[in-house]
Every structure is written in structure tokens, then in C-alpha cells.
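In what follows, a structure is listed as C-alpha cells, so that the remarks can point back to it.
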Amino acid sequence: MGDKKEEQIKIIEMMNDARKDLEAKYARLKAQLGEEEIEEADETISEDVVDGAAVESSPAESDQPTENMSDNTSDNKAVKKVPKKSEKKVEKKPAAPIKKVVRKKVRSEKESAEKERIRKEMGSVQVQINYVKAAIENCEMQLQKAKEKEEQKKIENVMKGVMLVGAYIENKRVVAEKEEKLNDEINLFIVKKDYATTLQETVKEIFTEKKFKYVTEDKVQDILNNEEFKKMAQEDPNKLKRDEKDIKMEYENVMIRALSYINEEVGDDFRENEEKFKKVMSLENGFEDAFRVLRTDKRFKGDDKENYWKEKRQRYTKDIEQYANEEEKEFFGRLLADIDEVAKETRQLQNEFIIGRASFRKGNGYTKRLIEKETDIYNRIIAFRDQKHKELLSKAANGEDPTRPTVMFQIALEFEFPIKKQLGRDTVLQKNNALREQMEMWYVYERIPKEERQLPIKWVSTKAENEVKAWSKLQRMKRMIVGRGDYLANLSDWVLENADALLERAKKEEPLTKDEEKKMIQQIASVVLYQVVYDESVKKLEGEESYLYKVKRAGVGISSAREYAELAQKLSETKEFKKEFSKYMKNADFKEQTIKFLADDAEKNFAKAFTGKGTEHRRMSTVVEGDGRPIVPRRVPQRRPNN
């Protein structure tokens, strides 16, 4: 069989060589046929040129009869009887072209015969080529059939062997599976026993080497089953560390506001600021301030403001007795009781903070329950305030006496401000407290061996990286503040609050509503606004149309935040902003792209469109004096930020 196969392969190779020779011969004949056609065309063209020259060779002879005819128009008979010599010569001329036509015809017949011979030979060669190709295909088909038959015989032999030992193999497989299953059960029992022993030892070791404030040993199983921790371990193990930085930044903002409230200077040392903050905590908290509005006892003897509070208490107590109805008196009674309770609990936590039993690192003791109670008090005051505001507007519109709802509205306002301030401060401290518990639980989770071990994922997702960059960027923005009280610093404070809220909402998994997305776009515009104003201040662009001028005009105070917000909203509606925004957000998730916006410092590209526009506006709006000199607006020198 092998010799026959080799012989067929040799035959196929020989036929392939013959096919190649025939194809080469066919190509040569085809080329020869093409060359002869080209030569024939060239000769035809040259003969036509020669004939044309012969006809035009004697213009004098052809012109002479015309002259004779024109001269003898009056005697036609004389022209007929006496023919001119030139006419006789023209009649004898065609003898020369006849030879050429005959010669051309003979050559054409010879060439046609040669072409026909070449075409017949090409046809014969083509037939031979087709025959050789068919023979090659036939040989290859036979060779393929032989291979398939050989393979089929091999398969049949293998199948026979399988059929002979099939039963033995099946029995052996079943026995092996049973043994493997039994071994797995034994190994699993050993692993579980070792795991339980290791877990007990590890838990005991963890709680021996470290004292926890929030986590106890009975919470270990809940910690291990925590889905958030499992996801965090796989995708983002550094999340809590970033959250700690975020909380610390919020905590620092609380300290800065509290210290600014008492005109205390804020330094770069966190511990030093925290010590100053303890002094602020020793003062009355917001709930104590609110309670003092109406209480009649004198616990705060020696206070410089005692006379002020005494007069205020007398006035409001008298107003309530005179104007409040029974429902309103009952409302204030319950409200004061709750405020007093929260004030005492808050004072206890503040004292722990002052003496060092609580701190940012240790946790501050503020619980979710306390914040919910504070929030409930604040919401009740707001609802009461809004209700009385509607009443006084309604009475004023109807011509009735609005004194009673007006007095109640004023008392509600007196409660609102100190409680709102305290609630904002305590909420940050409660977040810090909740984070401390999460970090203690995570500390335990990381050190306990899991039953199903997984390889540690060291990479951090792109989103997590952008979150870190965005947080660092906010810190950098904070350092760009020129100085407290400066217009750029005031704008920066407002922008930082917007950027914090923007990053916080973008990190949440809940889908966005249309209102939230619109608000986030305006917050993005506020970050762009800061960059635009900063660029304009560096370039010293001023004028009524510049954002720098508008921000400086906004100044400081309660109204500035509203004016900044209006300015950011207008900026978000400009063509320049929409163009850059749509280009940046193209084919991307809005929340992830928002985080990336903060991480990439993308506002710098946005700002170019506006600072360039400001420059052009300044150039076009220059006023010219009578003598032709331009009036240059006065420039206020700006200090550059210390980056």
C-alpha cells in the first residue's frame, strides 16, 4: 500500500511539471499573437501616411486646370476640344497606389494564416492543459480515498479494542470515583476541623493583641458573612482608608468653621487645631443655646451674656403666654424636653472629647440614634416655622392681624440656627464614629482565615484609582486658597463644598434622577468657575464681562453663595461649556466620568474657552479717549496661590 501511494505521488508531481510547461508555452503563443497584431497596426498607419503624401506632392498641377477653367468660362467648347497636358498626367497617376494595395493584401493574407496557425496551436495546448489538470485531480482523489480507507481501518481496529476492554474500564472508573469522593469527604472533615481550630486561635489572638471599642468576639461570624467586606476584599481593599481621608477632611472643615466662628487662627498642624477645637467644644453647644431661649433656671451664673439671655427669656416667655394657643404651647413644651435631653447627652460626649477619652482616631461616641433624634428635632422646628410663615402671609393678604403667627415664626427662627449648626457638626462626628466601627471590623476580617481562600487581588480598579485622584485633587484645591477673606478663597470654600457633594454622589451605586444629574452638572460648572476665575486673576483680566469681576463683586456674606450658584448655573448654560461637556461625556457613564473629571483636572480644558473669550472681550471693549489713547481699566494686583 505504501509503495502504491508513493508511486501516485510521483505521477502527480510529473503531471504538475507537464502542466507548468504547457501553461508557459500557452503564454508564449499568446504573447506572440499580441506582438503581430501590434506590428500590423503600425504598418497600416505608416502606409496611410505615405499615400497621403503622394496625393499632396503636386499642388501646381492640380491648381492649373482650375485657372484655365476660370479663364475660359465664355468658351466651353474650346475647353472640351483641346484638353490640357496637366489633365492627361492626372489620369495616368493611379498606377502607383495599385501596387501598394496588392502588396498589402498579400501580406495581410500571410499574417492571417499565421495568426490562425497560432490560435489553433493555442487551442491544442489548452486542451492538453485541461487534460493534465483533470488527470491530476483524479489522482489526488484516488489518493485521498486511499487515505480515508486506511484511516477508517485504523478506527475500526481501535473501536474493536475499546469494545473488548470497555466493561473493565467502566468498572474501574466507578470504583475510582467512589474512592475519590470518600477521600474528599475525609479531607473536607479534616480541613473543617483545622479551620475551626485555627479560627478560634486566630480570634483569640486578635482580641488579645488589640483592644476594640466597637467589635466583640460574638460579631466575628457576622463579619465573615459581610457581603460588603467580601466585595471590598476582591475589588477595592483600600476603600476604608480613602473614606477615612474623606472623613478627616470633613472633620477638618468642621474644626475650621468652629475656630473661625470664635476668630481663632487655623494652622497646618492637625493636632494643634484639634486642641483648639476642644476649647470650642467647652462652650455651649447648639442645643444648650436653643434651650436657653425659654428656660427660666440660672445654671450659667457668671456668664457675661446672662443679662442678654435673661431679657430674651423674659420676652419670649411673655410672648408665648400672650400669643400662643394650647397646641403651640404643647409643641414648645415637648420640643424643650427633647432639646434638653439631647443637650445633656451632647455635653457628655463633648466632655469625653475634651479630656481625651474620645478623639478623631479613637472615635467620638456619636451614634446613629443620637443623630436621628437631633434630625427629628430640627425637622419639627422647620415644619413649625414653615407653617407659621404661611399663616402670617395668609393673614396679611386677607387683611387680618398677623401678629400671633409672626411671633411664633420668630421664635422658631431663634431655635433653628443653633440647632442646624450643631446638627451639621455632630453628623460629621457620627460619620467618623461609624467609620471607626467599620475599620475595626475590617481589621478583624483581614486577619481571619476564610474557609474558601482566594488569592489577594493587588490591583485597584480604574474607578477606585480615579476616586483617589479626585480626593487628592480636592486637597490640592484646598491648598490653593490664597488667604482667608480674599475673594478667591471665599469662592474656593464654596467650590470645595460642591466638589465634595459631587464626588460623594458620584460614588453611590443608586441611579441618578434628572434633578440630581442637573444639580451635578451645575456642581461641575462650579469647579470650572473656580478655574476660570483663577486663570483670569493670573492673567489679570478685568471688566464687567469677566467672571473675575463678577466674583469680586459678589464679595462675602450670606448672599455670595447664592450669587456664586447663579453664576455657575449661567456658566453651565453657555455654548462653550456645553460643547466641552458633551465632548468630555461622549459615550461614557455619567457618574464614572464625573469622578474622572475631578481626577483628570479636566476643568483646565474647560476654562480655556472662557479665559480666551475674556481676553478677546477685553481687546474689543477698550475705550478710547479723545486724544486716541486707550483707557486701560485699573488692575488690582493678585497674589498667586502657593501650590
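No lab work stands behind these numbers, since they all come straight from the coordinates. Note that the coordinates shown come from a computational prediction; the quantities given were computed from them, not determined experimentally. Cβ coordinates were reconstructed from backbone atoms using ideal geometry, including for glycine residues, and neighbour counts include every protein chain displayed.
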Phi-based couplings in Hz for the stretch 325-335 (Karplus 6.51, -1.76, 1.60; Gly and Pro marked x): 7, 5, 4, 5, 5, 5, 4, 5, x, 5, 4
Please give the FRET efficiency for D340 paired with D601, using the beta carbon to beta carbon distance and R0 = 56 Å, rounded to the nearest 0.05. 0.65
Let me check I've understood the local charge: for E566, count other residues with C-beta under 13 angstrom from its C-beta, Lys and Arg +1, Asp and Glu -1. What total comes out? +2
Tell me, what HN-Hα J-couplings in whole Hz come from the Karplus equation 6.51 cos²θ - 1.76 cosθ + 1.60 at θ = phi - 60° for each residue of the stretch 284-290, using x for Gly and Pro? 5, 7, x, 6, 5, 4, 5
Work out from phi, with θ = phi - 60° and the Karplus expression 6.51 cos²θ - 1.76 cosθ + 1.60, the ³J(HN,Hα) of each residue of the stretch 8-16, listed in order in whole Hz, and give x for Gly and Pro. 5, 5, 5, 4, 4, 5, 4, 5, 5
Per-peptide average of other Cβ atoms within 10 Å, ordering 527-538, 18-29, 377-388 highest first: 527-538, 377-388, 18-29
Summing Lys, Arg as +1 and Asp, Glu as -1, what charge do residues with Cβ under 10 Å from the Cβ of F360 carry, F360 excluded? +2
